[in-house]
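Notes follow once the structure below has been shown.
The values are calculated or read from the model by the stated rules, or taken from the named source; none is laboratory data. Source: prediction; values computed, not measured. Backbone-built Cβ (ideal geometry, glycine too); neighbour counts: all protein chains shown. The area values use the complete protein model at the heavy-atom level, side chains included, leaving out ligands, DNA and RNA. Shrake-Rupley method; radii C 1.70, N 1.55, O 1.52, S 1.80 Å.
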Amino acid sequence: FASKRAPFRMEVEELMRASTPVLVDGAEARVLSPAHQLLHLCTHLAYNDGFGVCLSRLSDLHEVVERHRDHLDWDALAAAARRFRASLCLRYSLAVASALFGTGLPAGFLEGASDQPLRPALAEAALLRVLANDRDPAPLSSTLAKLVSTDRAGPRALLRLLFPRPRQ
């Protein structure tokens with residue numbers, strides 16, 4: 001389900017296939033797999049919110065990692081992030097969660113050999129924005145543009161990010 005404005009490519013069929021059934025007040029529902037939960041949280045944190053959130057979303061991210069860390073297939077998570085074009089969102093979000101909460105990540109996960117390297121200045125800017133509890137709806141200007149320039153997003157995607165169409 002990729003909107004024309006978002007640079008991500010998440011396939012509903014894959015999300016549904018990996019989801020698990022749960023009972024909620026006697027009714028069956030489905031929840032995302034832990035890997036897809038992480039990708040969902042990270043894309044919202046980095047792309048939708050530009051790290052302009054309070055600590056709640058990062059706390060959620062930390063709790064999902066801590067709960068599922070030992071049985072999460074980290075290589076599959078990294079591959080899904082690349083396939084969805086959300087690798088930078090995932091890795092910057094996890095870097096910020098690790099810095100704030102000590103979120104346990106496998107050694108070297110943030111520096112995948114086939115991924116663009118993380119820029120310390122961008123990670124620091126994201127961390128500072130979270131700590132400032134900056135809820136300004138405007139994006140993080142050039143920082144967010146660089147941060148969310150996903151694996152294959154071109155100049156058009158960046159322009160749409162920086163200059164979104166007004167909501168009607």
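With the condition kept exactly as written, say whether any residue in the range 64-73 is under 24 Å from LEU131 (Cβ atoms) and in contact with a helix residue (DSSP H, G or I) (Cβ under 6 Å, 6 or more places away or on another chain).
yes
If you check ALA97 against the conditions, is it among the hydrophobic types (A, V, I, L, M, F, W, C), farther than 24 Å from ASN133 by Cβ and open to solvent by less than 70 Å² (accessible area, probe 1.4 Å)?
Values: among the hydrophobic types (A, V, I, L, M, F, W, C): yes; farther than 24 Å from ASN133 by Cβ: no; open to solvent by less than 70 Å² (accessible area, probe 1.4 Å): yes.
Answer is no for this residue.
I'm checking my understanding of the structure. Among residues of the range 95-135 that are among the charged types (D, E, K, R) and touching a Lys or Arg at 6+ places or on another chain (Cβ under 8 Å), which one is nearest to ARG67 (Cα to Cα)?
Of the residues in the range 95-135, the ones among the charged types (D, E, K, R) are 111, 115, 119, 124, 129, 134-135.
Filter again for touching a Lys or Arg at 6+ places or on another chain (Cβ under 8 Å), leaving 115, 119.
Values: ASP115: 26, ARG119: 28 Å.
Here the residue is ASP115.
Name the single residue that is nearest to ALA78 (Cα to Cα) among those in the range 103-113 being in a loop (DSSP other than H, G, I, E, B) and open to solvent by 90 Å² or more (accessible area, probe 1.4 Å). Walk me through how you get there before you give the answer.
Here is the first cut: in the range 103-113, the ones in a loop (DSSP other than H, G, I, E, B) are 103-108, 112-113.
Subsequent filtering for residues that are open to solvent by 90 Å² or more (accessible area, probe 1.4 Å) retains 107, 113.
Values: ALA107: 13, ALA113: 11 Å.
Here the residue is ALA113.
Under 9 Å between Cβ atoms, which residue pairs at least 6 apart in sequence (or on different chains) link something in the range 58-78 that is under 12 Å from LEU90 (Cβ atoms) and without any contact (Cβ under 8 Å) to a residue 60 or more places away in the chain with a partner that is open to solvent by less than 30 Å² (accessible area, probe 1.4 Å) and of a type in the set (Asp, Glu)?
Listed pairs, sorted by first residue: ALA78/ASP115.
State whether the residues of the range 70-92 include one that is assigned to a helix (DSSP H, G or I), open to solvent by less than 70 Å² (accessible area, probe 1.4 Å) and among the polar types (S, T, N, Q).
Yes, the range 70-92 contains a residue that is assigned to a helix (DSSP H, G or I), open to solvent by less than 70 Å² (accessible area, probe 1.4 Å) and among the polar types (S, T, N, Q).
Per-residue answers, yes or no, for (1) under 12 Å from the mean Cα position of the chain (by Cα); (2) among the small types (Gly, Ala, Ser); (3) outside any loop (DSSP other than H, G, I, E, B):
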site	(1), (2), (3)
GLU14	no, no, yes
ALA35	yes, yes, yes
HIS40	yes, no, yes
THR43	yes, no, yes
TYR47	yes, no, yes
GLY52	no, yes, no
ARG57	yes, no, yes
LEU61	yes, no, yes
ARG67	no, no, yes
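Of the conditions (1) modelled with pLDDT of 90 or more; (2) surrounded by fewer than 19 Cβ atoms within 10 Å (Cβ to Cβ); (3) in contact with an Asp or Glu (Cβ under 9 Å, 6 or more places away or on another chain); (4) closer than 30 Å to LEU131 by Cβ, SER59 fails just one. Which one is it?
(3)
Restricting the search to the range 23-42, which residues are open to solvent by 10 Å² or more (accessible area, probe 1.4 Å), on the phi < 0 side of the Ramachandran plot and not small (Gly, Ala, Ser)?
Filtering the range 23-42 for residues open to solvent by 10 Å² or more (accessible area, probe 1.4 Å) gives 23-37, 40-41.
Pick out the ones that are also on the phi < 0 side of the Ramachandran plot and you get 23-24, 27-37, 40-41.
Within the range 23-42, LEU23, VAL24, GLU28, ARG30, VAL31, LEU32, PRO34, HIS36, GLN37, HIS40, LEU41 meet the criteria.
Condition first: in a loop (DSSP other than H, G, I, E, B) and either surrounded by 16 or more Cβ atoms within 10 Å (Cβ to Cβ) or at pLDDT below 50 (or both). Now tell me which residues in the range 135-153 satisfy that. Reasoning before the result, please.
As a first pass, look at the range 135-153 and keep what is in a loop (DSSP other than H, G, I, E, B): 135-140, 148-153.
Of everything in the range 135-153, those that are in a loop (DSSP other than H, G, I, E, B) and either surrounded by 16 or more Cβ atoms within 10 Å (Cβ to Cβ) or at pLDDT below 50 (or both) turn out to be PRO139, LEU140, VAL148, SER149, THR150, ASP151, ARG152, ALA153.
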